[in-house]
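Participant: Below is a structure I'd like to ask you about.
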Amino acid sequence: MNELVSKKKISNSSGQIRAEALFKRVLVIIGCAMVVLVLGILLTLVIESIPSLKSLGIKYLWGKTWDPVNNVYGAFPFLLGTLLTSFLALIISIPFSFAIAIYLGEYQPQGWLSNFLKNTVELIAAVPSVIYGFWGLIVLVPMVRTLETKLGILPYGIGIFSASLVLTIMIIPYAASLGREMIRLVPSQLKEAAYSLGATRYEVIRSVVLPFTKSGLFAGILLSLGRALGETMAVTMVIGNTSLIPNSIFAPGNTMASVIANEFTEADHTVYLSALIELGLVLFLVTVVINMVGKRIIKKFTNE
Amino acid sequence: MKIPFISIRYLLLFIAMLLDSVGLQNKLNAQSNDKTLLGAGSTFIYPLFSKLFSEYNRKTGVEVNYQSIGSGGGILQLTNKTVDFGASDGPLNEEQATKMGAPALHIPMASGAVVITYNLPGGSSNFNLTPDIIADIFLGKIKQWNDPRLVAVNKGVNIPAFPILVIHRAEASGTTNIFTNYLSKVSPEWKSRVGSASAVNWPVGLGGKGNESVAGLVKQTPGALGYVELIYALQNKMDYAKLKNNKGKFILPSLASVTAAGNISLPADSKIFLTDTDAADGYPICGFTWALIYKEQNYGGRSRDRATKLLNLLWWNIHEGQQFSTPLNYAPLSKQALQVAEKILKSATYGGKPILK
């Protein structure tokens, strides 16, 4: 009887061990698949960019002309457009996302109002981007046009500024949600200690909560930036899609993602198609660089 | 902290499109039975084609599956032999023709036109425009609505002082191809500075994605001027300009004046842009939409029956099918165009022998 039980136990456990090993292997394979996928994408982009690299060389990066008729391609206006819209959107979004994060994380962590606000902010992230594009075109653009008329600028309405505003709204939830989670994770002992020393609420936030959560807040910003860099549909509808270099933030421009989306389906010769794919490569690399720099900064923050 | 690369989504999409173009769809053709013909291409002709194909199906039981993925996509799919016919708003360029590997036929199906639409508060609803004025507006040389040259061709019309905001298509399109082809014909400066293609390096203005976006921007921006397909302007009741053709007449774009533009002697292969037509009553910015097929239909294991069905369909399109054009705001083919199209269809072969008699 005793022997039987122990035998069963052994067979059971050997089966369990095998299952454990199998499970681990599955995890590793799936994890590696992601690495292979990213490398595969990079490889495809590089290979498909070769015709364009050959005919245009490195000056593709700072070339200012995008002329499919004469096969001259320069990515600079779009690189500039992507960076301008993304960082402008980021700067405008920071006060909003931090305010939401602090309010929901510290002042109003519970209750119906908190839930309502939280769900609304998350809903913003769930709305498809084409809807923001339409909203931007129909509501925001006329408002920007009125502003431009008052400022005495050529009233295009659409342009870098409008695109940045639309992006701002789209990226707020990312930094706000992550920031809120981080702020709620601040140990209450720390805050209570500060209160017992006579700190006001604002002082607690400034000298306890924010220093404790800064790496998380920064990660949220980075996440928003990633979203802004790659956003295509909403931007292309309100940015003006011109390959001229913008001379002010109200001027029309274009981003890398929207050029690809606009011209890919009808690119009718090899170098043109390849130049568009190279644009994808540049976008890929820009994203990688920004993420790497961002991680470096986060690391520096956390080590202090 | 893990930070996902958001833009990977787009890259994946990208890869999917590449794979698509490489020809993973080759199997499609083999799978579809001989009762269903496959086509792909021009979005412009799509509404007409869906009407034609549903009528044809009711009459003959032959089904046609047409995907409106854009002219370039249609050409690519025909090159990969995944469809029986492509449809394009522009003729094949040299590189595309070379990639095809075998001679392809261009059969005109309908004509379309590009109109200059605008929004000028207090202005007239049918301005007169001349070719050189349009070219100079799109070159950025005429910047104001009350430019003396504009005033000179619109005597007695009130033109307020307003800056002109030029709006063009953002994405590559057949509409742009026809429009820039016209500008290249009428303006040597445009030809040398910009040229003609489905996407060009615009000297001024901003881009809207699709006809609807250009139309939307023109409607909401005072002083805006852009170009859209005639159908689009008709359906949306927009203001559009009368254009001076090369016989010196100011022509209002309409189905009749578009059909008239095709009443000229056409080359035997019909590969011609109808822009700047010599027809006295023709509107000058017009173009054909062609169906594209291989001249030799015996390829990739296709049956003679399938080839015959395809040819019969296209024959029907340019004859009985033409009655459906006008109600849908497409300009029917002119007499000359019809004759040329018939000859081209008769030149298609199966195993070297003509299919249609």
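Participant: Taking the simple approach of a point 7 Å from Cα along Cα-to-Cβ for both A:Ala126 and A:Ile245, what is their distance in nm?
Facilitator: Distance between the two pseudo-spin positions: 4.5 nm.
Participant: Please find, in a Gaussian network model of chain A (springs between Cα atoms separated by less than 10 Å), the residue of A:Ser86, A:Ser55, A:Ser258 whose mean-square fluctuation is greatest.
Facilitator: Result: A:Ser55 has the largest fluctuation of those listed.
Participant: What is the sum of charges around B:Pro222, taking Lys and Arg as +1, Asp and Glu as -1, for the other residues whose C-beta is under 13 Å from the C-beta of B:Pro222?
Facilitator: 0
Participant: Using only atoms on other chains, find how many Cβ atoms lie within 10 Å of each Cβ of peptide B:210-218 and report the average.
Facilitator: For this peptide, the per-residue mean of nearby foreign Cβ atoms is 2.
Participant: What is the helix-to-structure angle for B:210-220, meaning the angle in degrees between its Cα long axis and the longest Cα principal axis of chain B, kept from 0 to 90 and rounded to the nearest 10?
Facilitator: It works out to around 20 degrees.
Participant: Can you give me the pair-distance distribution of the range A:58-303, C-alpha pairs, 10 Å bins, whole percents?
Facilitator: Calculated P(r), rounded to whole percents: 7, 27, 29, 21, 11, 4, 1, 0.
Participant: Next question, about the same structure. If contacts are Cα pairs under 8 angstrom and at least 6 residues apart, what is the relative contact order of the range A:58-303 in percent?
Facilitator: Answer for the range A:58-303 is 27 percent.
Participant: Please give me the summed charge of the neighbours of B:Pro91: other residues whose Cβ is under 12 Å from its Cβ, Lys and Arg +1, Asp and Glu -1.
Facilitator: That works out to -3.
Participant: Could you work out, residue by residue across A:235-246, how many beta carbons of other chains sit within 10 Å of that residue's beta carbon, and then give the average as an integer?
Facilitator: Other-chain Cβ atoms within 10 Å of each residue's Cβ, averaged: 5.
Participant: Okay, next question. Calculate how many DSSP beta bridges within chain B are antiparallel, expressed in % of all such bridges and rounded to the nearest 5.
Facilitator: 60
Participant: Which percent, nearest 5, of DSSP beta bridges in the protein assembly as shown are antiparallel?
Facilitator: Rounded to the nearest five, the antiparallel share is 60 percent.
Participant: Evaluate the charge dipole of the protein assembly as shown about its Cα centre and quote only its size in Debye, nearest 20, assuming +1 on the Cβ of each Lys and Arg and -1 on the Cβ of each Asp and Glu.
Facilitator: For this selection, approximately 1040 debye.
Participant: I want to check the label-to-label distance for A:Glu192 and A:Thr270. Put each point 7 Å from Cα in the C-beta direction and report it in nm to one decimal.
Facilitator: Here the modelled spin labels are 7.3 nm apart.
Participant: Now for a different question. Over what distance in Å are the Cα centres of the range B:64-81 and the range B:289-357 separated?
Facilitator: Cα centroid to Cα centroid, the span is 16 Å.
Participant: Evaluate peptide A:130-138: per residue, the Cβ atoms of other protein chains within 10 Å of its Cβ; return the mean as an integer.
Facilitator: Going residue by residue through A:130-138 and averaging, the value is 1.
Participant: Which residue, A:Phe96, A:Phe116, A:Phe264, tops the fluctuation ranking in a GNM of chain A built on C-alpha contacts under 10 Å?
Facilitator: Sorting by GNM fluctuation, first place goes to A:Phe116.
Participant: Okay, moving on. If I fit a long axis through the Cα atoms of helix B:46-60 and take the longest principal axis of the Cα atoms of chain B, what angle between them do I get, 0 to 90°, rounded to 10?
Facilitator: Compared with the principal axis, the helix lies near 30 degrees.
Participant: Cut-off 10 angstrom, C-alpha nodes, Gaussian network model of chain B. Which of B:Lys81, B:Lys219, B:Lys237 fluctuates the most?
Facilitator: In the Gaussian network model the winner is B:Lys237.
Participant: At 222 nm, what helix-only mean residue ellipticity would the protein assembly as shown give, in deg cm²/dmol to the nearest 500, using -39500 (n - 2.57) for each DSSP H run of four or more?
Facilitator: Roughly -17500 deg cm²/dmol at 222 nm, from the helical runs in the protein assembly as shown.
Participant: Same structure again: Describe numerically, in nm with one decimal, the distance between label points set 7 Å from Cα along Cα→Cβ at A:Arg25 and at A:Ala99.
Facilitator: Here the answer is 5.6 nm between the modelled labels.
Participant: Note the angle between two axes, namely the Cα long axis of helix A:76-102 and the longest principal axis of the Cα atoms of chain A, as a number of degrees from 0 to 90, rounded to the nearest 10.
Facilitator: Roughly 40 degrees between the two axes.
Participant: In addition: For the pairs B:Lys59/B:Lys309; B:Lys271/B:Lys346; B:Lys99/B:Lys209; B:Lys141/B:Lys185; A:Lys214/A:Lys299, flag any whose C-alpha to C-alpha distance is greater than 21 Å.
Facilitator: B:Lys99/B:Lys209
Participant: I would also like to ask the following. Between the range A:58-76 and the range A:225-294, how far is it from one alpha carbon centroid to the other, in angstrom?
Facilitator: 13
Participant: Read phi for every residue in the range A:267-272 and hand back ³J(HN,Hα) as whole Hz from Karplus 6.51 cos²θ - 1.76 cosθ + 1.60, θ = phi - 60°, with x for Gly and Pro.
Facilitator: Per residue, the Karplus-derived 3J(HN,Hα) values read 5, 9, 9, 4, 5, 4 Hz.
Laboratory data are not the source of any read-out in this text; all were calculated from the coordinates shown. This structure is a prediction, so every number in the text was calculated from the model and none was measured. Because the Cβ atoms are built from the backbone with ideal geometry, glycine has one as well, and the counts that use them run over all protein chains shown.
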